[in-house]
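Scroll down for the structure; my scribbles are underneath it.
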Amino acid sequence: AARQPGARARRAERPRRERDRSHCDGDHCDGDHCDGDHCDGDHCDGDHRGERCPDHGRDAVNEHRRRVRGHHQRAAGERAADAVTPLVYFSATRFVLGGDAEVEVLAEHAGQLEDGLMLLDDLDRRWGSDGELAAIAGLAAGEEITVSWDTVLLLTVARPRGVEVELVTRRATRVGPVELPSADVRRAVAAELVGRELTDAGCAAAAVAVGGFVVVTDSPVAARLRLSGERARCSDGRRVPG
């Protein structure tokens with residue numbers, strides 16, 4: 001007797017569309033190609049035969065890839081959040097505003113220290129013998145010049161006689177005999193400004209000494225800096241708050 005074709009052979013003879021309709025029951029796939037998700041029933045209305053559903057399988061693979069990708073992204077974010085960034089000690093010295101200056105920082109890279117040093121050099125030029133303060137002293141009564149924000153802050157703090165400052169326009173006007181801020185005031189303000197600049201640059205801790213005036217940033221690791229143990233005093237011995 002001739003051998004009858006098996007079930008698989010009979011299925012192969014049917015049109016592809018009929019096979020696609022007949023292999024799913026519309027309720028649940030076997031989990032091999034859809035990660036245990038339910039079919040939507042729109043493209044499967046027959047009995048489940050264990051064959052791969054072309055439409056559902058493609059969607060399931062894409063969904064699986066999205067899940068895996070999302071898991072890796074979350075894991076990477078958690079590792080980044082838990083990572084500890086090492087801090088490096090940097091220090092530098094300068095001769096500015098007629099005296100020695102020293103800067104110490106705990107930072108991630110040397111570029112953060114450079115931000116503070118650049119400002120320190122700028123203040124030395126602006127407040128030195130040929131800078132903006134000297135230009136104000138050389139004005140005639142009633143004349144004015146535009147100055148930097150740092151000089152505006154210095155003049156606002158020191159309130160020197162014979163100079164008026166307009167904050168909005170940054171115009172400094174000579175209104176009489178000028179008495180410029182003293183060297184001690186310039187150094188104290190410079191130390192404060194550089195300390196703030198280093199903090200804004202991202203330094204974990206910073207200490208700035210300009211002519212004996214020391215400013216230490218408020219940080220739990222600032223105690224590791226040598227300058228944090230120094231006392232800032234004026235030339236006459238008065239303590240200067242750091």
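Values in this text are rule-based calculations from the coordinates and carry no lab data. Keep in mind it's a predicted model, so treat the numbers as computed, not measured. Cβ sites come from the backbone with ideal geometry, for glycine too, and all protein chains shown count toward neighbours.
Listing for the model above:
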{"item": "Leu153-Ala135 pseudo-label distance in nm [points 7 Å out on the Cα-to-Cβ vector]", "result": "1.9 nm"}
{"item": "Sorted peptide list for 161-168, 144-151, criterion being average Cβ within 10 angstrom, highest first", "result": "144-151, 161-168"}
{"item": "Protection-proxy order for peptides 211-219, 191-199, 129-137, each taking the mean of Cβ atoms within 10 Å per residue, highest first", "result": "191-199, 211-219, 129-137"}
